[in-house]
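Engineer: Structure provided below as structure tokens; questions to follow.
Read-outs throughout are calculated quantities, based only on the coordinates presented, and are distinct from any laboratory measurement. All of these numbers come straight from a predicted model, not from anything done at the bench. In this analysis, Cβ positions are derived from the backbone assuming ideal geometry, glycine residues included, and neighbour counts consider all displayed protein chains.
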Amino acid sequence: MQDIRPVVWEDGKIRLLDQTTLPLEETEIVCENVDTLVDAIERLVVRGAPALGVVGGYGVALAITQGAKEGWSDSQLHEQILRIRNARPTAVNLAWGVDQVIDSVGEGLERVLELGHKLAAEDEQANRQLSKHGADWIMKTTGKSKLRVLTHCNTGSLATSTWGTALGIIRELHSRGAIEIVYADETRPLLQGSRLTAWELHKDGMNYLVQADGAAASTIMRGLVDFAVIGADRIAKNGDTANKIGSLGVALACKEAGIPFMVAAPSSTVDLSYENGDGIEIELRSPEEVTNLHGVQTAPELDKGFNPAFDVTPGRFISAVVTEHGVRRPTRVKL
């Protein structure tokens, strides 16, 4: 299985694998300033909660580098760092990554970079550890040696520093010879499942099928799936989980079918400042992402699209939350 690193610091710049061009082209965006980085975050050149955490740490280093060249004042530097921190409001890890290094700005670029590299290394370690915990739990819970799994959106190497969260669990199961088939939801409107998850599954040599989001509930209810696993962009104290739009429908179908619905994320995604999911801000993206498909208009009016990027799944519909620290029931997420 190949390790893909979507975020790399190199020679004073952040190199991002451009996820908007996959699977047809493997290209990079080189961010030399804050404007380019914020644009890349907003356009989903880089996405996925853990990857955004790493970007947050490196983004502070990038702002320091640019500020030194352009003679920014302390207040200007702080303003630019906040632009990075607030570029994606639902995903807690971006702000978390900035917050892990911002207090060290006064110690200089090398110290901030040291902390940024540490974030990337710890994310990879956490992903690999949570994948083992999740794989152990699902094999014990289902009692099956061959598993049929459904996943929604992209949670692999592309969404992290490398390896993956929910897809990391699937990769771990695959390494044990325990995956029969993966159903990858296409993930409208930007098709992260068909463009990105399928690309990773293909590279890993797994048996998979891409399906329309609207097929997920039927696939589950027909008994074609043994469990579902998703990632998370923010997990509240009670286990309510914000993730890519469409995740809630998968959870409801799993609850009705009586199969496990698992959430996998590093502990940095658990936000104890939220008692529940009611207060989580849901990012609304451009209506044209819904009313266009690859530049072709698919609705009569371009501005008549409703495009929430995330939904919130109540903890009562979640069988298990998996972090690097182990597996917990949603009401016991505090780690």
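Engineer: Working out 0.36 nm times the residue gap between K304 and E180, then minus their Cα-Cα distance, what length gain in nm do you get to one decimal? Write down the numbers at each step before the final one.
Structural biologist: Numbers: separation 124, 0.36 × 124 = 44.64 nm, distance 4.09 nm.
40.5 nm is the gain from fully extending K304 to E180.
Engineer: Percent relative contact order of the chain, based on C-alpha pairs within less than 8 angstrom and at least six residues apart? All intermediate terms of the calculation are to be shown ahead of the outcome.
Structural biologist: Numbers: 729 pairs, mean separation 56.2, N = 335.
So the answer I get is 17 percent.
Engineer: Further question on the same structure: Compute the label zone of I282 within segment 309-328: residues whose backbone N is under 15 Å from the point 7 Å along Cα-to-Cβ.
Structural biologist: 309-315
Engineer: Less than 13 Å Cβ to Cβ from G295, Lys/Arg counted +1 and Asp/Glu -1: what total charge do the surrounding residues give?
Structural biologist: Details: positive: none; negative: E288, E289.
Local net charge: -2.
Engineer: Ranked by Cβ crowding within 10 angstrom, fewest neighbours first, how are S268, S247, S73 ordered?
Structural biologist: Working: S268 21, S247 28, S73 9.
Ordered from fewest to most neighbouring Cβ atoms within 10 Å, S268, S247, S73 come out as S73, S268, S247.
Engineer: If we sort 14-22, 155-163 on the protection proxy, mean other Cβ atoms within 10 Å, highest first, what's the order? Present the calculation step by step, with values, prior to reporting the outcome.
Structural biologist: Numbers: 14-22: 19.4, 155-163: 28.2.
The packing order, highest mean first, is 155-163, 14-22.
Engineer: Taking the Cα centre of segment 67-211 as the origin, how large is its charge dipole in debye, to the nearest 20, when only Lys and Arg (+1) and Asp and Glu (-1) carry charge on their Cβ atoms? Don't skip to the answer; put the middle values down first.
Structural biologist: Numbers: 17 positive and 18 negative charges, 162 e Å.
Dipole magnitude for segment 67-211 comes out near 780 debye.
Engineer: Could you calculate, for the chain, the ratio of the Cα radius of gyration to the Kirkwood radius, expressed as Rg to Rh? Intermediate results must be reported in sequence, preceding the final value.
Structural biologist: On the way: Rg = 19.3 Å, Rh = 19.9 Å.
For the chain, the value is 0.97.
Engineer: List the extent of the Cα atoms of segment 196-335 along each of their three principal axes, largest first, rounded to whole Å.
Structural biologist: Cα spread of segment 196-335 along its principal axes, largest to smallest: 47, 37, 31 Å.
Engineer: Give me the distance between the Cα centres of segment 203-235 and segment 268-289, rounded to whole Å.
Structural biologist: 22
Engineer: Also, quick follow-up: List the lysines whose Cα sits under 21 Å from the Cα of K69, skipping any in the same chain fewer than 8 residues away.
Structural biologist: K13
Engineer: Which value in deg cm²/dmol, rounded to the nearest 500, describes the helix-derived mean residue ellipticity at 222 nm for the chain, given -39,500 (n - 2.57) per DSSP H run of n ≥ 4 and division by the residue count? Don't skip to the answer; put the middle values down first.
Structural biologist: On the way: 10 runs with 125 residues, N = 335.
Computed mean residue ellipticity for the chain: -11500 deg cm²/dmol.
Engineer: In angstroms, what radius of gyration and Dmax does segment 54-101 have, counting Cα atoms only?
Structural biologist: 10.5, 32
Engineer: Provide, as a two-decimal number, the C-alpha radius of gyration of segment 7-122 over 2.2 N^0.38 Å, N being how many residues it has.
Structural biologist: Numbers: Rg = 13.1 Å, N = 116, 2.2 N^0.38 = 13.4 Å.
Against the empirical 2.2 N^0.38 Å value, I get 0.98 for segment 7-122.
Engineer: What are the ³J(HN,Hα) values, in whole Hz, obtained from phi via the Karplus relation 6.51 cos²θ - 1.76 cosθ + 1.60 with θ = phi - 60°, for each residue of segment 60-69 in sequence order, with x given for Gly and Pro?
Structural biologist: Computed from phi, the couplings for segment 60-69 are 5, 4, 5, 5, 4, 4, 5, x, 5, 6 Hz.
Engineer: Then there's this: Let me check I've understood the local charge: for K304, count other residues with C-beta under 14 angstrom from its C-beta, Lys and Arg +1, Asp and Glu -1. What total comes out? Write out the running numbers ahead of the final one.
Structural biologist: Details: positive: none; negative: E288, E289, E301, D303.
Value of the local net charge: -4.
Engineer: Filter K203/K237; K118/K140; K132/K244; K203/K304; K140/K237; K255/K304 down to the pairs with a C-alpha to C-alpha distance above 28 Å, please.
Structural biologist: Table pairs above 28 Å Cα-Cα are K203/K237; K118/K140; K203/K304; K255/K304.
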